[in-house]
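S.K.: Below is the structure I would like to discuss, written out as structure tokens.
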Amino acid sequence: MANDQHYDLLVVGGGINGAGIARDAAGRGLRVLLCEKDDLAGHTSSASTKLIHGGLRYLEYYEFGLVRKALKEREVLLRAAPHIIWPLRFVMPHVPHLRPAWMIRMGLFLYDHLSRRELLPGSCGVNLDKHALGVPLQDSMHKGFVYSDAWVDDARLVVLNAIDAQERGAKIMTRTKLQSAHREDGLWQATLVKDERTEIRIFARAIVNAAGPWASELLHQHLHQTARNDVRLVKGSHIVVKKMFDHDHAYIFQNPDKRIIFAIPYEHEFTLIGTTDLEYKGDPGKVKISSDEVSYLCDSANRYFKQSIKPADVLWTYSGVRPLLEQEDASNPSAVTRDYHLELDAAHDQAPILSVFGGKITTFRCLAEEAVNLLEQPLKITKTAWTANASLPGGDIPNADFFGFFQRFQSHYPWLPKALAERYAHSYGTRALRMLSDCRALADLGEQLSPGLYEAEVRYLVESEWARTTDDILWRRSKLGLHATPSSVQVLQEKLTHLLAVAGQVPSAVSTNTAATAAGVTSLAAVSTTSEVR
């Protein structure tokens, strides 16, 4: 067998945890292969509420360790990727019969002080009767609290980890499924299937099972292994409506069922509202929002906003399945811990397998670091952890000062329209200079294939970011699907087919989200595996 089929580590799963582990391991000198059966961030990791946060509500469940860890990571990630992660202030209107003011003040004090905070301002009270933050709210809302967390482009966070892993020597294979694997002669012998047609046999000294919602299935059905832990699938759904307020703060609302929802500024023109928490028993790849969830989120928003919304106002929805750590004593899905557990099976000097159970996007980096630390002894890793002080691709911005970087970026490319320059700077950071290296005028970007999307960017995403379908580009590498038209999606599909053919790649099947958009479905249907266009 050729040497290029031998690896130190096979990582199964291209979500945030798998990409983070591949990055960490590659940076410590391991020969790494990551395989993902669909697109990077194709499922749970692109269906989050787009927040890097400590989890204020977890304090009610006494998860102080998890909150402290997440708050610490919040600071690390704000410095590592200031282009795709930035501060966001949250407004919590006070509803006396749900939680007393003293309880909220105490919770926010803990939230401010559980971990060292350098980049974000602390919490404070606000008079909603006299402040612009109260204008969109019901007149019954008089008092509120304001605190800090951070926004993240979740799918891009995954891609950036994969890029960094690749540039440190890892091989990233999307649309590649682990068919089976078994231990033999101290190694894992694995069969991968790429694009549902090409079998590849590889050897690895260890496997990381980071398959998220499929972690238990992978262990039992494909690896024929048992585990001490299991995942509990919880569905979270979100809706997007036209912009409901004009300022740059987000809202956190308390519901009578003791759950909370967020209302967040989204893509300048919209408001993102979510999330639900429901037990899920179906296929994680076919999750979609229910009419009851849409009504629940609309009703939750209507308790607080003057402007009422109804299901017909929903422009887009997306749903994901969170693979949480199973707990026998947690009957309420909202009470299930968002912490993670790493289970290493390296008994009797066999080739090790490490499985990831649970976790949240905020703690992916420390999860990855702990995972590779667990493999230090069996894989004889000598290089120490390194990611805590390393920027992600495009995030090497001095002092994490995105505003200063953007000013320089604009002056370097004065011909870029401001909105386009802002999106490029946020999406790609300093890597935007690579994408625009041959461009001296707007015409050099090539044809505008869809609103806000030019040929130069599509070519870059195909060549550098594993984009294979219009969904990859419109809904994960960007959120431009919200602005696309049926005809522009068709134009993009044709260009993408051509670029992939030139690159010698087989175009992936058009997903149902893209197919629905291309067919002109703009109301009440258009369901994909994770989203719904209305």
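S.K.: Considering only residues of segment 414-443 that are surrounded by 19 or more Cβ atoms within 10 Å (Cβ to Cβ) and either among the β-branched types (Val, Ile, Thr) or not in a helix (DSSP H, G or I) (or both), which is farthest from the chain's Cα centre (by Cα)?
M.R.: Filtering segment 414-443 for residues that are surrounded by 19 or more Cβ atoms within 10 Å (Cβ to Cβ) and either among the β-branched types (Val, Ile, Thr) or not in a helix (DSSP H, G or I) (or both), the one farthest from the chain's Cα centre (by Cα) comes out as LEU416.
S.K.: Select from segment 131-164 the residues that are farther than 23 Å from TRP86 by Cα and part of a helix (DSSP H, G or I) and list them in ascending order.
M.R.: Selection gives GLY134 alone.
S.K.: In this structure, does TYR7 turn out to be closer than 17 Å to ALA170 by Cα and open to solvent by 10 Å² or more (accessible area, probe 1.4 Å)?
M.R.: Here the answer is yes, as TYR7 does meet what is asked.
Residue-wise test of (1) crowded, with 24+ Cβ neighbours inside 10 Å; (2) over 27 Å from ARG116 (Cα atoms).
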| site | (1), (2) |
| --- | --- |
| GLY18 | yes, yes |
| ASP24 | yes, no |
| ASP39 | yes, yes |
| THR49 | no, no |
| HIS53 | yes, no |
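S.K.: Oh, and also: If you check every pair at least six apart or on different chains, which have Cβ atoms under 6 Å apart with a residue in segment 137-154 that is closer than 19 Å to SER45 by Cα first and a residue that is of a type in the set (Phe, Trp, Tyr) and open to solvent by 20 Å² or more (accessible area, probe 1.4 Å) second?
M.R.: TRP151/TRP86
S.K.: Could you list, in sequence order, all residues of segment 299-311 that are within 26 Å of the chain's Cα centre (by Cα), over 15 Å from ASP277 (Cα atoms) and in contact (Cβ under 8 Å) with a residue 24 or more places away in the chain?
M.R.: Result: ALA301, single match.
S.K.: Could you identify the single residue in ALA155, ALA162, ALA150 that is open to solvent by less than 10 Å² (accessible area, probe 1.4 Å) and touching a Ser or Thr at 6+ places or on another chain (Cβ under 7 Å)?
M.R.: It is ALA155.
S.K.: Out of LYS243, LYS235, I need the residue that is farther than 26 Å from PHE364 by Cβ and open to solvent by 10 Å² or more (accessible area, probe 1.4 Å). Which one?
M.R.: LYS243 is the lone residue from the list that is farther than 26 Å from PHE364 by Cβ and open to solvent by 10 Å² or more (accessible area, probe 1.4 Å).
S.K.: Tell me which residues, restricted to segment 269-287, are out of contact with any helix residue (DSSP H, G or I) (no Cβ under 9 Å at 6 or more places or on another chain) and buried (at least 18 other Cβ atoms within 10 Å of the Cβ).
M.R.: LEU272
S.K.: Taking strands (runs of 3 or more DSSP E) that do not extend beyond segment 179-286, which have at least 1 residues that are under 30 Å from LEU379 (Cα atoms)?
M.R.: The strands (runs of 3 or more DSSP E) meeting that bar are 187-194, 198-209, 231-242.
S.K.: Taking the condition of being under 20 Å from THR362 (Cβ atoms) and modelled with pLDDT under 95, how many residues in segment 5-39 meet it?
M.R.: Result for segment 5-39: 0.
S.K.: Select from segment 41-64 the residues that are at positive phi and modelled with pLDDT of 95 or more and list them in ascending order.
M.R.: ALA41, LYS50
S.K.: Scan THR226, THR198 and give me the residue that is closer than 14 Å to MET173 by Cα, of a type outside the set (Gly, Ala, Ser) and open to solvent by 20 Å² or more (accessible area, probe 1.4 Å).
M.R.: Exactly one of THR226, THR198 is closer than 14 Å to MET173 by Cα, of a type outside the set (Gly, Ala, Ser) and open to solvent by 20 Å² or more (accessible area, probe 1.4 Å), namely THR198.
S.K.: Right, here's the next one. With respect to the numbered conditions (1) in a helix (DSSP H, G or I); (2) among the hydrophobic types (A, V, I, L, M, F, W, C); (3) open to solvent by 20 Å² or more (accessible area, probe 1.4 Å), which one is the sole condition not fulfilled by LEU98?
M.R.: (1)
S.K.: Filter segment 455-470 for residues that are under 20 Å from GLY394 (Cα atoms) and open to solvent by less than 40 Å² (accessible area, probe 1.4 Å) and give the result.
M.R.: If the condition is that a residue be under 20 Å from GLY394 (Cα atoms) and open to solvent by less than 40 Å² (accessible area, probe 1.4 Å), then ALA456, GLU457, VAL458, TYR460, LEU461, VAL462, GLU465, TRP466, ALA467 are the ones that fit.
S.K.: Are any of the residues in segment 179-187 hydrophobic (A, V, I, L, M, F, W, C) and open to solvent by less than 10 Å² (accessible area, probe 1.4 Å)? Spell out the reasoning first.
M.R.: Applying the first criterion (hydrophobic (A, V, I, L, M, F, W, C)) to segment 179-187 yields 181, 187.
Okay, now just the ones that are also open to solvent by less than 10 Å² (accessible area, probe 1.4 Å), so 181.
Yes - at least one qualifying residue is present in segment 179-187.
S.K.: Return the residue satisfying two criteria in turn: it lies in segment 338-352 and is modelled with pLDDT of 90 or more and charged (D, E, K, R), and of such residues it is most open to solvent (accessible area, probe 1.4 Å).
M.R.: Of everything passing the filter in segment 338-352, ASP345 is most open to solvent (accessible area, probe 1.4 Å).
S.K.: Okay, moving on. From the set of residues in segment 104-147 that are among the charged types (D, E, K, R) and farther than 23 Å from GLU63 by Cα, which is surrounded by the most Cβ atoms within 10 Å (Cβ to Cβ)?
M.R.: Among those residues, the one meeting the criterion is LYS143.
S.K.: Answer yes if at least one residue in segment 213-228 is touching a strand residue (DSSP E or B) at 6+ places or on another chain (Cβ under 6 Å), in contact (Cβ under 8 Å) with a residue 24 or more places away in the chain and closer than 27 Å to TRP151 by Cα, and no otherwise.
M.R.: yes
The values are calculated or read from the model by the stated rules, or taken from the named source; none is laboratory data. This one's a predicted model, so the numbers in the text were calculated from it and none came from an experiment. Glycine also receives a Cβ, built like all others from the backbone with ideal geometry; neighbour counts cover every protein chain displayed. These area figures cover heavy atoms from the full protein model, side chains too; ligands, DNA and RNA do not enter into them. Shrake-Rupley method; radii C 1.70, N 1.55, O 1.52, S 1.80 Å.
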